[in-house]
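First comes the structure, then the notes that go with it.
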Amino acid sequence: MIANDPPSSASAEIAERRLLQSIVEVARHVFGSAAASIFLVDQDTGELVFEAVSGEGETHLLGRRFPPGTGIAGWVAESGQPMIADDLTEVTQFAHDAARSTGYVPRSIMAAPLIRHEECIGVLEVLDRSNALRGDLADVDLLALLAVQAACGLDFLLRLRRANRAAPPGDDLHVLLRRIATRVPPGGATDPTALKLLAVADELLA
């Protein structure tokens, strides 16, 4: 039996992005909404970053950033509390300018914090859900269930990115060769291990 190679960090991140995308697609289908999205709270800046979008805005919003505390998503991220707003004209937290900049201004919003290890790492948001009957669970309970799944996916994505930032660049071969070459002083005694490593590198690169 041949063991499969472990997935690269790039392929793992693609898998996590697909998971997040599937969650917003399920959310949009379950609630019959115009759009659903997952925001990441940037750990360094506090900004809200679109990580997954389904429906309105899905073609241009990925990666878009908003300042900390912007709109309902910002309030949910800072408070760690969910919010359901069926009439946004009466909600002071709603950021009209930010909504207009996305190309879609909703009439209602549901949002839930994505909590991992007692910290809000993101927000799941649903825009303009339908009034159709969705079974025994209330909308807020359904949203909470989806938020748990989204938090797990977003947490793993954050872990991948932190690991990638901490790891030395794997393709910087010249740096590694220069480091080995310093162990081979010109005209002096040589390090046999360094010579062997350089010989192997030369053979591999030939």
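Where a number appears in this text, it was derived from the coordinates with a stated rule and is not lab data. All values derive from a computational prediction rather than experimental measurement. Note that each Cβ is placed from the backbone with ideal geometry, even for glycine, and that neighbours are counted across all protein chains shown.
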Computed Rg/Rh of segment 9-166, alpha carbon atoms with Kirkwood Rh: 0.94
Gain on full stretching of the segment that runs from SER101 to LEU62 - 0.36 nm per residue minus C-alpha separation: 12.7 nm
Residue (of ILE115, GLY63, ALA85) at the positive-pole extreme of segment 9-166, dipole from beta-carbon charges: GLY63
ILE115 paired with VAL91, simple spin-label distance in nm, labels 7 Å along Cα-to-beta-carbon: 1.9
Under the Karplus curve 6.51 cos²θ - 1.76 cosθ + 1.60, θ = phi - 60°, whole-Hz ³J(HN,Hα) for segment 19-24, x wherever Gly or Pro sits: 4, 4, 5, 5, 5, 5
Paired Rg and Dmax values of segment 66-122, which use every Cα atom, in angstrom: 11.5, 34
Alpha-carbon centroids, segment 71-104 and segment 32-53: separation in whole Å: 12
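Taking the Cβ of PRO68 as the centre, find all other residues whose Cβ is under 12 Å away and add up their charges (Lys, Arg: +1; Asp, Glu: -1).
With Lys, Arg at +1 and Asp, Glu at -1, the neighbours total -3.
Quick one: length gained pulling SER130 to GLN81 fully straight, 0.36 nm per residue minus the C-alpha distance?
Extra length available between SER130 and GLN81 comes to 15.4 nm.
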